[in-house]
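Structure record follows, encoded as structure tokens.
Each value in this text was obtained by applying a stated rule to the coordinates, not by laboratory testing. Not measured: the values here are computed from a predicted model. Positions of Cβ are generated from backbone atoms using ideal geometry, with glycine treated the same way; all protein chains shown enter the neighbour counts.
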């Protein structure tokens, strides 16, 4: 089991630790609901150092990214970030990722922890023009400071004007006395905030400084449990649950990051699928009757015929009702459609709603 540079801190703070993507990670401290509300209302800190980071450099770096990702990275400028995915050759998704443009010839890709090796090998396979590739995952720490008070809580630690940063942009500078920290206006919670990348050796100094600076804002450490409920309230996909090697980006509602203005892996087949129309679609739903939908529960129609399955589900701490995501046959995908979740052989009523659940 791998540790992050901050594992000992989490244990000292009494976190409940669990294995996640090969890492020993904090799932909760005081409880998922309380931590969720902290992020929605004030500010919380997630250690997400298990994520993967690759640097791609050289004349042909952009060309390689264009060939392996679905979004159009030529639209990026220095300091801009893009959400994208790596399509496979079978109609599914290798991974979803963020693409950071450092400058014209260098980029950082941020990938999911469980897919680091898979993604590296996949990109390397298409690296026919000697793009310089560096896997810096093991020496890089990543903290997500999320919530409406994040900019105020962190501003004393840096000269970067946090409040004025555009969503999905980044800057590099001194942060908490450490040089060359990358501060990114991104996150996976829908609550606003920042993600900061730095070397492992500076992890303790930066962690301590953040909690000192954020004390008067009620800053707290947050585990991966609340990260999951927060992203689900926004309808953000989780790789391995809502998207995987078999799900198409078109079916998953990721047409907006699938740009057919360029050629990329399997783009012709995905374009044909888009034009022909899809048979299944990822939808959000709210429970009408009591019951909590869980991953892999069947979704059925009124007669009990299987029409799909749940990919993610929870009791929403913000909305105080059960919500979920799942793939359904296209005729059941319209907003307002009544569907049923098969929970231990009981048909529990739900209805299809638009993302995000939490507005």
How large is Rg over Rh for the range 54-156, taking Rg from the Cα atoms and Rh as the Kirkwood inverse mean of 1/r across Cα pairs? 1.01
Taking the Cα-to-Cβ direction at residue 156 and at residue 129 and moving 7 Å from each Cα, how far apart do the two end points lie in nm? 4.9
Averaged over all viewing directions, the convex hull of the alpha carbons in the range 113-163 casts a projected area in nm² of 6.0
Residue span residue 74 to residue 269: 0.36 nm per residue of separation minus Cα-Cα distance leaves a gain in nm of 68.0 nm
The chain: mean projected area of Cα convex hull, nm²: 17.8
Over what distance in Å are the Cα centres of the range 219-255 and the range 328-353 separated? 20
Taking alpha-carbon centroids only, the range 150-192 lies from the range 58-84 a number of Å equal to 22
Between residue 246 and residue 217, with labels modelled 7 Å along Cα→Cβ, what's the label distance in nm to one decimal, could you check? 4.3
Could you compute Rg(Cα) / (2.2 N^0.38 Å) for the range 279-359, with N its residue count? 0.95
Just round it to a whole percent: the fraction of Cα-Cα distances in the range 7-68 exceeding 13 Å. 72
Taking R0 as 35 Å, what FRET efficiency do you get between residue 103 and residue 21 from their Cβ-Cβ distance, rounded to the nearest 0.05? 0.70
Given the options 66, 139, 303, state which has the largest fluctuation in a GNM of the chain using a 10 Å cut-off (strictly under) for Cα springs. 303
Express the relative contact order of the range 279-359 as a whole percentage, based on alpha carbon pairs under 8 Å and six or more residues apart in sequence. 38
Label-point separation (nm) for residue 89 and residue 294, each offset 7 Å from Cα along Cα-to-Cβ? 3.8
Subtract the Cα-Cα distance of residue 205 and residue 346 from 0.36 nm times their separation in residues, and report this length gain in nm to one decimal. 45.5 nm
What do you get when you divide the Cα radius of gyration of the range 136-292 by 2.2 N^0.38 Å, with N the number of residues? 1.29
The chain: antiparallel bridges as % of DSSP beta bridges, rounded to 5, reads 95
